[in-house]
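A quick write-up on the structure given underneath.
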Amino acid sequence: MKKIIYIFIAAMCSTAIFTSCEETDLPSPDKSVIKVENGIENQFDVFLRREFVSKYNVELLYKLPDIESDLNYYVVPSDYEKSIKMANLINYYFFDPFKEVGSLDFIKKTTPKMFVLVGSGAYNNNGTVLLGTAEGGLKVVLYDINSIDVTNIEVLNDRYFRTIYHEFGHILHQNKPYTRDFEKITGTTYVQDEWSTIWGSGESLEAGYISNYASNQPSDDFVELIAHYITKSPTEWSDIITAAGDEGGPIITQKLTIIKSYLKESWNIDMDDLRDNILVRQQNLNNLDLDNIN
């Protein structure tokens, strides 16, 4: 499984990039990973136990326990109210669409087992800010929750949910490998650690990669396509293919065809149905009560 790090560059507010990845083993889906500690529960804790632990065997941490945070950074806990909004968003925008297009059993077996919410970004010496990590198919850490703007779906996707979808894609292909034909399409042009420095503006897209990080290695290419495709409207996707040009456009389309077949044959997930479900949720987001924990 891959350790994924999204970094927000202060001078380019819409830019998200990744760093290194490492393989780890997934836990048995039948074994609980939730550790119950003695203490007084508030209303939100009760909500999380009901909506996350009991339903999906997933824990959401928002009180910033030291053991689950990166001690290399000075960070602050997530605000109580903002944490509630994010928990409802994860339910609405991640659990529900995959459950509806797939099944409850599918999402219980394949979802990351822990979400950790951090209030601030994690600032690096080079002026970048860490906004999200995902590792081992087990834990997703989302930073800068206190700045969340629930009215801006593209920022929500860019900073938070493509992190989740990317990691979720890794869990899927680790459990059921995709065909080796996928990596043969651009097998000679993956650049590994140089992905963050080698590409000029638009160059990776023209080379057949949906993002710079997709050129890191085949598995990241695979899941980056999932994370981007299911959050883009048909018009937006058509514009991306056009921008990829005569060479990159057909390459991306060829890769996507393999991914759609994989999701359908391996997991009985129709990728277009999943995208439609997510797009409807995007349109209805303003009507959602994100403060409700009853």
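The values are calculated or read from the model by the stated rules, or taken from the named source; none is laboratory data. Computed from a predicted model, the values in this text were never measured in an experiment. Every residue, glycine as well, gets a Cβ built from its backbone with ideal geometry; the counts of neighbours run over all protein chains shown.
Conditions (1) over 17 Å from residue 165 (Cβ atoms); (2) among the polar types (S, T, N, Q); (3) in contact with a Pro (Cβ under 7 Å, 6 or more places away or on another chain), marked per residue:
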site	(1), (2), (3)
197	yes, yes, no
202	yes, no, no
247	yes, no, no
282	no, yes, no
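Among the residues of region 251-294, just one is in contact with a Gly (Cβ under 8 Å, 6 or more places away or on another chain), more than 21 Å from residue 102 (Cβ to Cβ) and not hydrophobic (A, V, I, L, M, F, W, C), namely 255.
Can you say whether residue 115 is touching a Phe, Trp or Tyr at 6+ places or on another chain (Cβ under 9 Å), within 19 Å of residue 278 (Cβ to Cβ) and modelled with pLDDT of 90 or more, as far as the supplied structure shows? Criteria met by residue 115.
When region 251-273 is filtered for residues that are within 17 Å of residue 214 (Cα to Cα) and touching a residue at least 40 places away in the same chain (Cβ under 8 Å), the ones remaining, listed by number, are 251, 252, 254, 255, 258, 259.
When restricted to residues that are polar (S, T, N, Q) and not in a helix (DSSP H, G or I), region 222-237 contains 2. Restricting region 154-182 to residues that are at pLDDT below 95 and among the β-branched types (Val, Ile, Thr) leaves a set whose member that is farthest from residue 89 (Cα to Cα) is 171.
In the condition set (1) surrounded by fewer than 19 Cβ atoms within 10 Å (Cβ to Cβ); (2) of a type in the set (Ser, Thr, Tyr); (3) within 22 Å of the chain's Cα centre (by Cα), residue 229 is compliant with all but (1).
I'd like to know if region 48-65 contains one or more residues that are polar (S, T, N, Q), modelled with pLDDT of 90 or more, out of contact with any Asp or Glu (no Cβ under 6 Å at 6 or more places or on another chain) and within 22 Å of residue 277 (Cα to Cα). No, region 48-65 contains no residue that is polar (S, T, N, Q), modelled with pLDDT of 90 or more, out of contact with any Asp or Glu (no Cβ under 6 Å at 6 or more places or on another chain) and within 22 Å of residue 277 (Cα to Cα).
Listed here are the residues, each with its yes/no results for (1) under 22 Å from the mean Cα position of the chain (by Cα); (2) not in a helix (DSSP H, G or I).
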position	(1), (2)
243	no, no
246	no, no
269	yes, yes
282	yes, no
291	no, yes
294	no, yes
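Suppose the filter is of a type in the set (A, V, I, L, M) and either modelled with pLDDT under 90 or under 24 Å from residue 49 (Cα atoms) (or both); does residue 148 pass it? Yes.
Do you know which residues across region 208-217 are surrounded by 20 or more Cβ atoms within 10 Å (Cβ to Cβ) and either outside any helix (DSSP H, G or I) or at pLDDT 95 or above (or both)?
Let us first name the residues in region 208-217 that are surrounded by 20 or more Cβ atoms within 10 Å (Cβ to Cβ), namely 208-216.
Result: 208, 209, 210, 211, 212, 214, 215, 216.
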